[in-house]
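Before I ask anything, let me first share the structure, which is written out below as structure tokens.
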Amino acid sequence: MPSAPTPVPTFSSPRMAPRPRVIPLFATTVSRPVKRRLAIHEVLRSRPPRVDRAESPRSTSRVHPKREKRKPPPITVMMTAGSSSAAIESPLTPVAENSEPATGEGSSQKVNLQLIPPPHGSVTVINAGWSAQQQHDYRQIGRDAITKFLEVGRCLSNQQPKPRNQARGYIESRIPTFTNHEGHWGADTILRDQLKSMKDTRNKKRTRQTAELDAE
């Protein structure tokens, strides 16, 4: 006959945790460095009276260096030969009502305008920033200047100095905005463009005429 099953406990028997150890602490005073006490005969220095910044005279005179306004650049004035320094008048100097403007060659004054540099290193008629109508008009003026003063077939640097300057003056007289260009870069750009264009046109014409003569 089979024996009866023996029960086996699933959980372990409960155990009591050990009581914590209690370590007694005693309150102790910690020593701190004590500042030197003033003697009976010593007196503290009195502080200066506080001055309001709005009433302080230094607040109005102090200016930050970065906030200082920049002075405008001086205007240089060029005078022709024979003119005196008395002819230059300051804009702050009052002018008498009965004063008459000076006349003659010695009274002429000329203000030195700032020259405009070229926009970049290699300037051409296309990339100079001119409109299509301006390019057309400028090229026509350049062709007229070359026809009057320069020799077709030579580049601008190989032209004679006097005719080259005459061609520049012809262009700048018809385009006043070119007069303040540094080194005549506007007029030279048009002259280089049209010298090459007129040379290519002449060579094509000669080639075509030579081909027609050979065909005959």
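The values are calculated or read from the model by the stated rules, or taken from the named source; none is laboratory data. These figures come from a predicted structure and were not determined experimentally. Glycine gets a Cβ as well: all are built from the backbone with ideal geometry, and neighbour counts include every protein chain shown.
Every residue in region 168-182 that is of a type outside the set (A, V, I, L, M, F, W, C), over 17 Å from residue 148 (Cα atoms) and free of Cβ contacts under 8 Å to residues at least 24 places away in the same chain, please.
Going through region 168-182, the residues of a type outside the set (A, V, I, L, M, F, W, C) turn out to be 168-170, 172-174, 176-177, 179-182.
Remaining after also requiring over 17 Å from residue 148 (Cα atoms): 176-177, 179-182.
Result: 176, 177, 179.
Looking at region 161-216, which of its residues are of a type in the set (S, T, N, Q) and within 26 Å of residue 128 (Cα to Cα)? Full working, then the answer.
If we filter region 161-216 for residues that are of a type in the set (S, T, N, Q), which is where we start, we get 165-166, 173, 177, 179-180, 189, 194, 197, 201, 203, 207, 209-210.
Once the filter is applied, which keeps residues that are of a type in the set (S, T, N, Q) and within 26 Å of residue 128 (Cα to Cα), region 161-216 yields 165, 166, 173, 177, 179, 180, 189, 194, 197, 201.
Show the residue pairs meeting these rules: Cβ distance below 7 Å; 6+ apart or different chains; first residue within region 121-141 and in contact (Cβ under 8 Å) with a residue 12 or more places away in the chain and over 17 Å from residue 171 (Cα atoms); second residue in a loop (DSSP other than H, G, I, E, B) and of a type outside the set (D, E, K, R).
The qualifying pairs do not exist here.
What are the pairs, 6+ residues apart or on separate chains, where a residue within region 198-211 that is surrounded by 11 or more Cβ atoms within 10 Å (Cβ to Cβ) has its Cβ under 9 Å from a residue that is part of a helix (DSSP H, G or I)?
198/143; 198/146; 198/147
Then there is this: Is it true that some residue in region 186-193 is buried (at least 16 other Cβ atoms within 10 Å of the Cβ), modelled with pLDDT under 95 and not in a helix (DSSP H, G or I)?
No, region 186-193 contains no residue that is buried (at least 16 other Cβ atoms within 10 Å of the Cβ), modelled with pLDDT under 95 and not in a helix (DSSP H, G or I).
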